[in-house]
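Written below as structure tokens is the structure these notes are about.
Each reported figure results from applying straightforward, stated rules to the coordinates on display, with no laboratory input. The shown structure was predicted, so the numbers you read here are calculated from the model rather than taken from an experiment. Using ideal geometry, Cβ is built from the backbone for each residue, glycine included, and neighbour counts are taken over all protein chains shown.
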Amino acid sequence: MTVYNETQFRLQRIFADFDNVYVSFSGGKDSGVLFNLCIDYIRRNKLNRKLGVFHLDYEAQYTMTTDYVNKTLSENADILEVYRCCVPFKVSTCTSMHQNFWRPWDENERDIWVSEKPENCLQKFDFPFFNQKMWDYEFQERFSLWLHQKKQAGRTCCLVGIRTQESLNRWRAIHSERNYKNYQGLKWTKQMYENVYNAYPIYDWLTEDIWVGNAHFGWTYNRLYDLYYKAGVPLNAMRVASPFLSAAQDSLKLYRIIEPNTWGKLISRVNGVNFTGIYGGTTAMGWKSITLPKGHTWKSYMYFLLSTLPEKTRQSYTDKLETSMRFWREKGGVLSDETIAELRAAGVEIEVADTTNYKTDKKPVRMSYIDDTDISAFKEIPTYKRMCICIMKNDHLCKYMGFSQTKDELTRRKNIIEKYQNLL
């Protein structure tokens, strides 16, 4: 059974069980393949229905991506209901130590917009739930309920083109059994609200499968990837996302070559773009093998880096660090037997418990932060070196450390969702 055939069974189930189906389409390779799979399925089976398309337009992106989105939507207009959103939500940026977010389509900065709003786009006044504190991922989640209620649907399904090969967080979205329900036992689905689900039909595809699919079926794709390939960017490193995110730091410099006019606009749009374009993907921003300055421990170097930051940014990192240190001291993180053995062999003081509430074979380990470690599971161990890397990457959310949102952030998000749900 190929991943293509598996996906056909998943789409069959989705279109049979859900009266409202839409696909989240960014213009990247994964969402593009998922979009084409849905188009092919509807046309081949002559379904008497339309497919919703949810596109977050981030204003600052390659014109090739915009052209690809426009072309794909126009070619299939007869079976599509398009929701192209140009909304000034908050979007994370890792190009600056002074700001941790920017706003696409911010009316206060209209004179430096990278592009103009497309015709017939949906704007902030179209969404009664929108507010200025909302992040893009919060908007994306809340949109599903808005559309479900707008369509008066029985069941709504949002198709998302994520693949577990891409990152640990994406693997968790599929395989974690904590904190969410799925649809009738299907592990590749996730309940968002009552009768509203996300589904990940291509979660088990590899990067090579994506390109084999494009070639075999002759699907249209974003030709930006051809230029990435010619520029020597490895297949697994090709990203079409907001240019200011951490994952895009290494390839941000390509804007200067591929679209110099767009590059000129990006420089004035968000703080730190030029610096990141020069040093993104280097040790200057926490990439590759960073070295410890002479006379420092990683702990002392971390505090030195913190001292160079604006007060608000410094306090944010400090709060996350204190929360993490307390977690490892009092509750502990789960580690494999092999990692536990390596820590003991390295002389690290740890306290290992036998059981945990997590559904895992790993064991909970309580320990204090250590300076550094050369064990194989480096990214699972709380070290000051990893915190230094976060700071150098301008990783304000500390995703490199595996941090999730804080309790205050989660509470604020929950309150926003409940408040605007009641308005509808």
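Structure above, values below:
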item	result
Efficiency of FRET from Cβ geometry, residue 341 and residue 226, R₀ 41 Å, rounded to 0.05	0.30
Under 11 Å, Cβ to Cβ, from residue 116 - net charge with Lys/Arg +1 and Asp/Glu -1	-1
